[in-house]
Amino acid sequence: MPGPRMPGQCVVTVMMDSGRQRDARQGGPGSMAKVNYYEVLRVPVNAGDDEIVAAHHRLVSLLVPDLHPRASAAAKRELCEAVKLVDTARGVLTRPALRREHDSELGKPAPSEPPADPTNTDGCMICGSTPANHVVFRRQQGMLYRRRIWRVEGTVCRDCGRSVGRDWQSRTLIAGWWGMISLFVNSYYVLANTVELFGLFGLDRPDRDPATASPLPAPLDPKPPLILRLGPLFFVALIVVIILVNRAGA
């Protein structure tokens, strides 16, 4: 069952093993680790296909390298590997035979024991760190008489949330104003993104349990603050131009 393809997404060959793969996210570089795909997708062990597909889509929307234009080449390669891991998790958990094999490798409780859910779903869905907040970021591209809208949401730590949120805010500050409707709607998007970003500043420094399975082994680089980026500077310049034009017309 292929995952949703997005512009600029890594070309992914999904590995259809049940949970053992060579991966640095658990067990150290070069080790053969047993990966808990439920933790990777942040879903409970009794999750249905719809919940798994929705979790996969949320993660891919956060991890696609082209949505991180300021990431280094090495960071983009790491993001591609994360997308591959997430695709593999979906591929295994939506195929009954592979899922049964994966569940058996995770271990089942003894008959006298209550069922246990080995999945940690409280941490950052990108890197597994805690504490984490649920956020929603929006951006749009105004095109005079029409517009394109994007939305991403998920539970993220301080650094991953700032990394994604700053990129999305910068893009909507540059491209979101060009249209009659877009001009007004984008004001709401910018304000809403700002509120979400401020909420992340109250979180403590990300703390990650090395045993946690996650798409990335460490938080994303939060990148420079928005005040140092082209987006906000462009927005300030746009306001100055509008003021000058109005004065000239007067």
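The values are calculated or read from the model by the stated rules, or taken from the named source; none is laboratory data. If you're wondering where the values come from, they're calculated on a predicted model, not measured in any experiment. FYI the Cβ positions are ideal-geometry reconstructions off the backbone, even for glycines, and counts take in every protein chain you see.
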Requested in this report: Just name the residue that is modelled with the lowest pLDDT out of those in the range 177-211 that are assigned to a loop (DSSP other than H, G, I, E, B) and in contact with a Lys or Arg (Cβ under 9 Å, 6 or more places away or on another chain).
Outcome: 178
Query raised in the report: So which of 238, 226, 216 is aliphatic (A, V, I, L, M) and modelled with pLDDT of 80 or more?
Result: 216
Query - One residue from 142, 161, 128 being in contact with a Pro (Cβ under 9 Å, 6 or more places away or on another chain), small (Gly, Ala, Ser) and at pLDDT below 95 - result: 128
Query raised in the report: For residues in the range 131-174 being in contact (Cβ under 8 Å) with a residue 40 or more places away in the chain, of a type in the set (A, V, I, L, M, F, W, C) and in a strand (DSSP E or B), which is surrounded by the fewest Cβ atoms within 10 Å (Cβ to Cβ)?
Result: 136
Query raised in the report: Which one is farthest from residue 151 (Cα to Cα) among residues in the range 47-63 that are of a type outside the set (Gly, Ala, Ser) and buried (at least 20 other Cβ atoms within 10 Å of the Cβ)?
Result: 52
Requested in this report: Go through the range 175-189 and count every residue that is surrounded by fewer than 19 Cβ atoms within 10 Å (Cβ to Cβ) and under 21 Å from the mean Cα position of the chain (by Cα).
Outcome: 0
Report task. Please state which one of 45, 40, 35 is at negative phi and under 14 Å from the mean Cα position of the chain (by Cα). Result -> 40
